[in-house]
Amino acid sequence: MHFFLDFVRTRDGKIEHAVELVRHYAGETDWIVVDALLGVFDSLEALVRDTKSWAGYLHLVYSTLTPILEKVGWSDANLSGNITFTQGAVIDRLGRLGHSDTCGEARLLFSREQRAGQRLNKSIRPAVYRSVAVTGGQAEKQYFMDLYHSAQRNEEKRMLLTVLGSFTNSQIVQELLDWSMSDDVKLQDRVFLISCLAETGLEGRAMAFKFFKDNFETLSKQYTSGSLLKRLVAGVVRNFNTEQDLDNINEFFKLNPVPGAQMTLDQCLEDLRILISAREHYQVPMLEYFNTHMIRTEAEVIRG
């Protein structure tokens, strides 16, 4: 399945054939296969996000991943080896994409922990937290913030930053962006949180880029070169997908150059040009395929 990104770049053949192949992996629990499958979904998502094909894409993901979750379940009992990776990753993806049954179970388990102190299994805890955060409000944000402040290990703090970076409520996203500049957040973790928030969707990426521009003077002094600057620049620009986005990014960086990350910026812009072209090329065949093969039901999705 690693052929898929090259397929998108070269436009070699009909994309419906590639999508049809993906459907044959429904119910496969081996982590190597599931990891590759999720990578294909990442590429597909970039092609169809914010288009009329989005509902069909959701149905494809749901129909492929829910049989996997049915096999591995939510308990860590009798799971061994890399299957625990499969379990967490599938819950995480279905939760992020608003699958109603997955989000409902995640919220139920979270409620038991929050109210009754029933700790979540380690293998699914990050995925459950992130699934809750996607549609969470101020109460959930405060719960996760309290966990972050009380965490002793850097690994735990980093995991909780991915949780905080999963919120999509615009007010909370802005609050978290503002908080990222505080002394509570280390310099390296600031980049991580901003990048996570930029990945949450149309509003998240727009807010993260605006935040980057509004705070460019301060950020450019804090990150003058090196991997953190490169990650910051890539994090705030790589999730866009339109010609207007490309023009806006180019316009900003012409006036505000980042010499320490210019090669990274150039690569991101080249990837964006390829994506824009691919989205235009595949827009009609993708919509036709999903309209023919995928039937979306409102009961499946709580967001999307």
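Is it the case that some residue within the range 173-188 is free of Cβ contacts under 8 Å to residues at least 24 places away in the same chain and basic (Lys, Arg)?
yes
Given the structure, is Gly95 assigned to a loop (DSSP other than H, G, I, E, B), crowded, with 21+ Cβ neighbours inside 10 Å and in contact with a helix residue (DSSP H, G or I) (Cβ under 9 Å, 6 or more places away or on another chain)?
The answer is no for Gly95.
Restricting to the range 28-46, give me the number of residues that are open to solvent by less than 40 Å² (accessible area, probe 1.4 Å) and more than 14 Å from the chain's Cα centre (by Cα).
Qualifying residue count, the range 28-46: 5.
Identify the single condition in (1) touching an Asp or Glu at 6+ places or on another chain (Cβ under 9 Å); (2) part of a helix (DSSP H, G or I) that Glu70 does not satisfy, given that it satisfies every other one.
(1)
Of all residues in the range 163-212, which are surrounded by fewer than 18 Cβ atoms within 10 Å (Cβ to Cβ), in a helix (DSSP H, G or I) and of a type in the set (Ser, Thr, Tyr)?
The one that is surrounded by fewer than 18 Cβ atoms within 10 Å (Cβ to Cβ), in a helix (DSSP H, G or I) and of a type in the set (Ser, Thr, Tyr): Ser170.
Looking at the range 246-264, which of its residues are open to solvent by less than 40 Å² (accessible area, probe 1.4 Å), hydrophobic (A, V, I, L, M, F, W, C) and part of a helix (DSSP H, G or I)?
Answer for the range 246-264, where residues must be open to solvent by less than 40 Å² (accessible area, probe 1.4 Å), hydrophobic (A, V, I, L, M, F, W, C) and part of a helix (DSSP H, G or I): Leu246, Ile249, Phe252, Phe253, Ala261.
Out of (1) under 26 Å from Ser80 (Cα atoms); (2) touching a residue at least 24 places away in the same chain (Cβ under 8 Å); (3) over 22 Å from the mean Cα position of the chain (by Cα), the odd one out for Gln118 is which?
(2) is the only condition that Gln118 fails.
Let me spell it out: the conditions are (1) open to solvent by 30 Å² or more (accessible area, probe 1.4 Å); (2) assigned to a loop (DSSP other than H, G, I, E, B), and Gly136 meets all of them except one. Which number is the exception?
Single failed check for Gly136: (1).
The values are calculated or read from the model by the stated rules, or taken from the named source; none is laboratory data. The structure presented is a predicted model; accordingly, all values stated were derived computationally and were not measured. Reconstructed Cβ throughout: ideal geometry from the backbone, glycine too, with neighbour counts over all protein chains shown. In case anyone asks, the SASA skips ligands and DNA or RNA and just uses the protein heavy atoms, side chains included. Shrake-Rupley method; radii C 1.70, N 1.55, O 1.52, S 1.80 Å.
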